[in-house]
Every structure is written in structure tokens, then in C-alpha cells.
1. For the range 160-253, what % of the accessible area comes from carbon and sulfur atoms, probe 1.4 Å?
2. Charges only on Cβ, +1 for Lys and Arg, -1 for Asp and Glu: so what's the dipole of the chain about the Cα centre, in debye to the nearest 20?
3. ³J(HN,Hα) across the range 82-94 via Karplus (A = 6.51, B = -1.76, C = 1.60, θ = phi - 60°), whole Hz, x for Gly/Pro?
4. Between 0 and 90 degrees, rounded to the nearest ten: what's the tilt of helix 253-263 against the longest Cα principal axis of the chain?
5. Ignoring ligands, DNA and RNA, please state the percent of accessible area on the range 39-138 from carbon and sulfur, probe 1.4 Å.
6. Over the Cα atoms of the range 138-295, what is the Rg over Rh ratio if Rh follows Kirkwood?
7. What whole-number distance in Å separates the alpha-carbon centres of the range 86-134 and the range 229-263?
8. Tell me, what is a quarter of the convex hull surface for the C-alpha atoms of the range 205-246, in nm² with one decimal?
Amino acid sequence: MSKQRGNILHRMIDRYIGRVILAVLDVLLYLKPKRLLGSRHESKSYLLVCFGAIGDLIVLTEAARSQLHNKDVYLICSELNHPAANLYSDFYVGIQVADMKNLFSVHRACRQFNIDSICDSTQWANIGPIQVGVAQLLGVAISSVGFKSNSHLRNCIYDRAIDHSRELHEVGNFINLMAGYEKVSSNGQLTKLLPALYEKNIRVRTGKALIHLWPSGHRSYLKEWPQSYWQEIAGYLVDLGYTVYLSGAPGDQKRTQDFIDQSKLPLVNLAGSFDLRSLYLFLKDQIEFAISVNTGILHLVVEAGVPVIGLHGPTNPERWGPLGANAVSLLPEFGAFAYLHYGFEYPEEDEDAYALDRLMPAQVIEAIVTLRARG
């Protein structure tokens with residue numbers, strides 16, 4: 001219920017106090033006179049609710065462009081992912097930032113945009129269905145759809161609760177959410193549903209490569225690749241004649257510079273230099289290919305049309321990896337890995353949870369050769 005991801009206190013408030021609020025909303029929605037709900041009809045104006053991270057919003061928008069391209073689509077998002085939302089001002093008719101502590105934020109957006117259908121992309125937290133429930137309680141003829149979970153209280157809020165599959169990439173789950181039924185049953189169907197992503201893209205050789213070292217979110221250090229491995233790859237790219245750029249948030253500037261100083265390589269520190277839109281345009285115009293750990297920038301690179309190598313440890317690329325013909329996903333060579341579903345299902349002990357030291361530099365070098373061979 002905050003823009004800070006992984007905040008334990010906020011997660012506990014969402015979990016326990018959120019359940020009480022959901023229970024009250026379930027009763028009130030059940031008692032609400034049916035005549036106030038109005039007659040159901042084909043929705044014309046959709047409000048997408050996205051309180052997740054930047055990667056969630058990018059993938060959600062990809063699904064929306066596929067399923068709702070002929071509808072008026074509005075977005076309400078958290079402050080955290082608002083910079084990513086601004087990349088899609090040509091798609092969303094209206095964008096609003098939610099006050100996550102105000103339970104009436106979605107209701108106000110529905111009134112402002114004259115919404116008749118809400119699509120809640122919240123995967124596990126209670127704040128999404130709570131705000132949707134308030135909007136339905138106070139609104140007239142608003143339908144809703146959200147993900148089915150183990151919580152009966154959450155499921156009762158929505159008019160339709162759609163299965164959230166562990167076997168699908170999240171874009172497939174989002175497509176099912178917007179369709180209102182199981183339109184995607186396997187990742188193999190995504191090629192036809194998202195044809196633009198799966199067109200082989202011949203990139204101009206710019207001699208510029210980008211590396212993104214820093215993941216974000218809950219226990220993000222478990223998604224970091226060892227710095228000695230990064231130095232080996234950076235050195236390999238420099239020897240090939242590439243100018244290598246290192247991206248990161250403003251808070252990553254110092255540790256990025258420390259990495260460069262330790263490597264003694266002529267690397268360019270971009271951390272904190274660009275806002276998200278400027279970074280997107282730089283990727284689109286300048287970067288030949290990128291290498292990134294599993295975080296929001298990985299999906300931004302795909303959106304920019306740049307070939308990318310994704311490094312996955314606890315994350316499963318079949319669920320959260322980069323999409324399309326120009327993406328390569330790598331996993332550790334052995335041991336336990338790819339166990340995340342919602343994003344917090346880590347083993348209790350860090351030594352049991354960490355896997356990326358078993359994804360070797362030789363695998364990345366092989367992937368670089370593959371991408372370069374594609375042109």
C-alpha cells in the first residue's frame with residue numbers, strides 16, 4: 001500500500017487489515033440493491049488498475065494493446081510505475097496516479113473517466129480488490145474482473161475472477177484477464193496473439209551495448225549476478241570494440257561508479273542520468289543489444305525493440321522473462337532456480353535462495369555470439 005516495494009510493514013497491513021476491509025465490502029456489495037447495478041452491456045470504457053512495478057505495467061500494456069485496441073482504455077497506477085505509464089500516453093485515453101492510502105482513488109477515477117468496466121491486474125495484494133470494491137459499491141453499473149486467488153474474500157469482490165496460472169507468462173494471464181475467460185492456455189499461443197513482438201528484428205550495428213546490473217523489489221539482492229561475472233562480460237564486450245553503457249536508478253549511481261572503478265574498463269555510467277522516457281529513446285535509437293538481470297528495465301528494452309539477454313535466477317523466464325524473437329533468457333546450469341510465482345516465494349535462507357552464481361559467463365558469451373550472428 002506504498003510505493004516502496006517489499007516494505008514488510010505495509011505488506012502486513014495489507015494482509016491483515018485488508019482482509020477485514022474486504023469482508024466488510026463483501027457484505028455491503030451483497031446487500032447492495034441489484035437495481036443500482038444497472039443492466040450489463042458491452043463495455044466501452046475500461047479502467048486498468050496497475051499497482052505493481054514498472055515491469056508489470058509494461059507487460060500489462062502489451063496485453064491491453066492486443067485485446068482492447070478498439071476500446072477507450074484508461075489507467076490508474078501507482079506513483080512507482082507512473083513514469084512507465086507516460087510512455088503509453090498515445091494508447092491510454094487518460095492516466096491517473098492513485099493515492100495508495102486513499103481507498104477512494106479507483107472510485108474517483110471511475111467518476112472522472114465515466115468508467116463502466118474495471119480490470120484489476122493486482123496479483124496477490126488486497127489493496128487492488130479493496131479499491132475496486134469501493135468503486136463498485138459507490139458506483140452504478142460498473143462491472144469488474146480480477147485474478148482468482150486462494151482468498152475467498154478477494155474473489156467475491158469481482159464480478160468475474162480469472163485463474164492466475166503458474167504455467168503462463170504474465171502477459172498471457174493479463175490477456176485472459178481482459179478477455180474474461182481462458183483465451184491463452186499455453187505460451188505457444190503468444191506468437192499469434194502478439195505478432196509484432198515475434199517479428200525478427202534486424203538491428204543496425206551501432207557498436208553500443210547496454211548492461212543493467214541492478215534488480216529491484218523484495219530481496220532484490222537475490223536477483224543480482226556476481227560482479228566478477230559482470231566484469232568478465234564487460235571486458236569481453238570492450239575487447240569486441242563495443243562502447244558499454246551501465247544503466248541504473250539515481251540511487252545506483254555510486255555503486256555503478258564503484259563497479260566501473262574496480263573493473264578498470266572504459267565503461268559509461270548512465271545511472272541516474274536519464275528519466276525513463278529518455279532512457280527508452282536512447283535504447284531505441286542507440287543500443288545494439290542489452291544484457292540485464294530480471295527487473296523492469298528488461299521489459300523496457302523489449303518495448304524499445306532492442307535485442308536482449310535476460311539473466312534469471314529465482315525468476316522463471318516462462319513466467320517473467322523478456323518476450324519475442326529478439327530475446328534470449330538464461331538460467332543457472334544446475335541447482336534450484338526459477339521458483340518465483342508472485343515474486344516473494346523465496347526460501348527462508350539466502351544461501352538456499354541464491355542461484356545466479358551458477359549462471360556462468362560462458363553462457364552469456366554464447367548468447368552474445370548468437371545475437372550478433374542474427375544481425
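1. On the way: 2120 of 4360 Å².
Carbon and sulfur atoms account for 49 percent of the accessible area of the range 160-253.
2. On the way: 36 positive and 37 negative charges, 256 e Å.
Computed about the Cα centre, the dipole is about 1220 debye.
3. So the Karplus estimates, Gly and Pro as x, are 4, x, 5, 4, 5, 5, 10, 5, 7, 9, 7, 5, x Hz.
4. The two axes meet at around 30 degrees.
5. Values: 1750 of 3800 Å².
On the range 39-138, the fraction of accessible area on carbon and sulfur atoms equals 46 percent.
6. 1.10
7. Distance between centres, Cα-based: 38 Å.
8. 3.2 nm²
The values are calculated or read from the model by the stated rules, or taken from the named source; none is laboratory data. Everything quoted here is computed from the prediction, not taken from an experiment. Virtual Cβ from ideal backbone geometry, glycine too; neighbours counted across all protein chains shown. Calculation scope for accessible area: heavy atoms of the full protein, side chains included, ligands and nucleic acids excluded. Shrake-Rupley method; radii C 1.70, N 1.55, O 1.52, S 1.80 Å.
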